[in-house]
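Okay, so here's the structure we're looking at.
The values are calculated or read from the model by the stated rules, or taken from the named source; none is laboratory data. Being a predicted model, the structure only gives us computed values, none of them experimental. All Cβ positions, glycine included, derive from the backbone under ideal geometry; neighbour counts span all protein chains shown.
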Amino acid sequence: MSGRKKAQKTMQIVLHAGVHATDSDRLLKTLLRNRDGLRPEGIGLPGPGKYRKLISETLNTLGSLEPAVGARDVLIDAVLDDDIGHVDRLILSHDNLFSVPKIAFQGGVIYRKAEQRLQSLRRMFAEDSFELFLSVRNPATFLPALLAATPHAELSDLLKGVNPADVRWSDFVARLTDAVPDVPITVWCDEDSPLVWGEILREMAALPPAYPLIGAYSRMAEITTKEGMSRFRSYLAERPDLTEIQIRRVMVAFLDKYADDSKLEDELDIPGWTDEYVSGLTEQYEDDIFELARLPGVTMIAP
């Protein structure tokens, strides 16, 4: 008799798919720090080596074809260390799911295969509930950061004719909601991550607001002086009854006073990009986020 685990019951599948140049795996690493504590909650958090290559290869093989009967069970069986019968919510993170950075604009559109790959995954997990989590970023800083993650020398080599001013996340997410209308999408701005990090983690794990998590303030710590974080943690320890809204206000106050300015500046070394041009991209991004938050099926996490 085989000793292989059998994946039979339905699950809640949670997929974090980047985008590139946002959290750089910090979200997954923070969740993995909590893996032992989350296991009793029925949450499965396999390491990325268990599934990223496997999922990419599976999707590349599938294309637009229907998954084979039993493919879903084989995939879950391969990625879960824990007893499958114990896991109710499976969290996966894969920022190269839609594309690797160097071909992000192949075909003259950002992540042109995103719809097909998401539809294939949805068909794979047809009997399960399925959620998508995405972080987006100001194109003024996203594009230089994405370029730095590629072998391309010039931004034009990456963009394949796309105008930076035409990079609109509301258009991209609308493509996804049209492709998989039954998949709820949760989105946040990478710029807001220091303030909403704990909320993102809890939403992904479907935990209540007060649930304690290791690393809930780790993104804030990245841009705050050591003195500031020490004072912030002491302040919270002395006031254990603060609500989430009150804690958010405290975070803003401490960041105003203790933010490390050297960690808040992005390198924007793109020839021809003036301060005025960057400001224009930023204003457009802010308008774009307003439109994105209004899309049906989209939940925006914001401070």
Of all residues in segment 52-66 being more than 19 Å from the chain's Cα centre (by Cα) and β-branched (Val, Ile, Thr), the one that is surrounded by the most Cβ atoms within 10 Å (Cβ to Cβ)
Thr58
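Just need a number here: residues in segment 244-287 that are in a helix (DSSP H, G or I) and either of a type in the set (Phe, Trp, Tyr) or farther than 20 Å from Leu195 by Cβ (or both). Quick ask: steps written out before the conclusion?
Kept after step one, since they are in a helix (DSSP H, G or I), are these residues of segment 244-287: 244-258, 261-263, 275-287.
Going one step further and asking which of them are either of a type in the set (Phe, Trp, Tyr) or farther than 20 Å from Leu195 by Cβ (or both), we end up with 254, 258, 275-281, 283-285, 287.
Looking only at that region, the number is 13.
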Going through segment 116-126 in order, the residues found to be surrounded by fewer than 21 Cβ atoms within 10 Å (Cβ to Cβ) and assigned to a helix (DSSP H, G or I) are Gln116, Gln119, Arg122, Arg123
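Would you confirm whether any residue within segment 196-203 is farther than 21 Å from His16 by Cα, in contact with a Phe, Trp or Tyr (Cβ under 9 Å, 6 or more places away or on another chain) and at pLDDT 95 or above?
Filtering segment 196-203 for residues farther than 21 Å from His16 by Cα gives none.
No, because not a single residue in segment 196-203 is farther than 21 Å from His16 by Cα, in contact with a Phe, Trp or Tyr (Cβ under 9 Å, 6 or more places away or on another chain) and at pLDDT 95 or above.
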Among the helices (runs of 4 or more DSSP H) lying completely within segment 7-84, list those that include at least 1 residues that are touching a residue at least 12 places away in the same chain (Cβ under 8 Å) and acidic (Asp, Glu).
71-79
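Can we say Gly47 is under 20 Å from Gln12 (Cα atoms), small (Gly, Ala, Ser), over 24 Å from the mean Cα position of the chain (by Cα) and loosely packed, with under 14 Cβ neighbours inside 10 Å?
Numbers: under 20 Å from Gln12 (Cα atoms): yes; small (Gly, Ala, Ser): yes; over 24 Å from the mean Cα position of the chain (by Cα): no; loosely packed, with under 14 Cβ neighbours inside 10 Å: yes.
So Gly47 fails the test.
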Residues of segment 248-281 satisfying the condition of being over 18 Å from Leu155 (Cα atoms), of a type outside the set (Gly, Ala, Ser) and in contact (Cβ under 8 Å) with a residue 12 or more places away in the chain
Arg248, Val250, Met251, Val252, Phe254, Leu255, Lys257, Tyr258, Asp260, Lys263, Leu264
Could you count how many residues in segment 157-196 are over 20 Å from Ala302 (Cβ atoms) and part of a helix (DSSP H, G or I)?
9
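In the set Ser156, Ser129, Ser135, which member is at pLDDT 95 or above, surrounded by fewer than 16 Cβ atoms within 10 Å (Cβ to Cβ) and in contact with a strand residue (DSSP E or B) (Cβ under 8 Å, 6 or more places away or on another chain)? It would help to see each step written out before you state the result.
Numbers: Ser156 fails: in contact with a strand residue (DSSP E or B) (Cβ under 8 Å, 6 or more places away or on another chain); Ser135 fails: surrounded by fewer than 16 Cβ atoms within 10 Å (Cβ to Cβ).
When all the criteria are applied, what remains is Ser129.
What number of residues within segment 219-230 satisfy the criterion of being outside any loop (DSSP other than H, G, I, E, B) and either surrounded by 15 or more Cβ atoms within 10 Å (Cβ to Cβ) or acidic (Asp, Glu) (or both)?
So in segment 219-230, the residues outside any loop (DSSP other than H, G, I, E, B) come out as 219-222, 224, 226-230.
Now narrow it down to the ones that are either surrounded by 15 or more Cβ atoms within 10 Å (Cβ to Cβ) or acidic (Asp, Glu) (or both): 219-222, 224, 227-229.
The number of residues fulfilling the criteria is 8.
Being exposed (fewer than 14 other Cβ atoms within 10 Å of the Cβ) and in contact with a Lys or Arg (Cβ under 7 Å, 6 or more places away or on another chain) is the requirement here; does Pro151 meet it? Steps first, please.
Numbers: exposed (fewer than 14 other Cβ atoms within 10 Å of the Cβ): yes; in contact with a Lys or Arg (Cβ under 7 Å, 6 or more places away or on another chain): yes.
It is true that Pro151 is exposed (fewer than 14 other Cβ atoms within 10 Å of the Cβ) and in contact with a Lys or Arg (Cβ under 7 Å, 6 or more places away or on another chain).
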Residue by residue through segment 197-218, note down the ones that are more than 16 Å from Arg249 (Cα to Cα) and assigned to a helix (DSSP H, G or I).
Ile200, Leu201, Arg202, Glu203, Met204, Ala205, Ser218
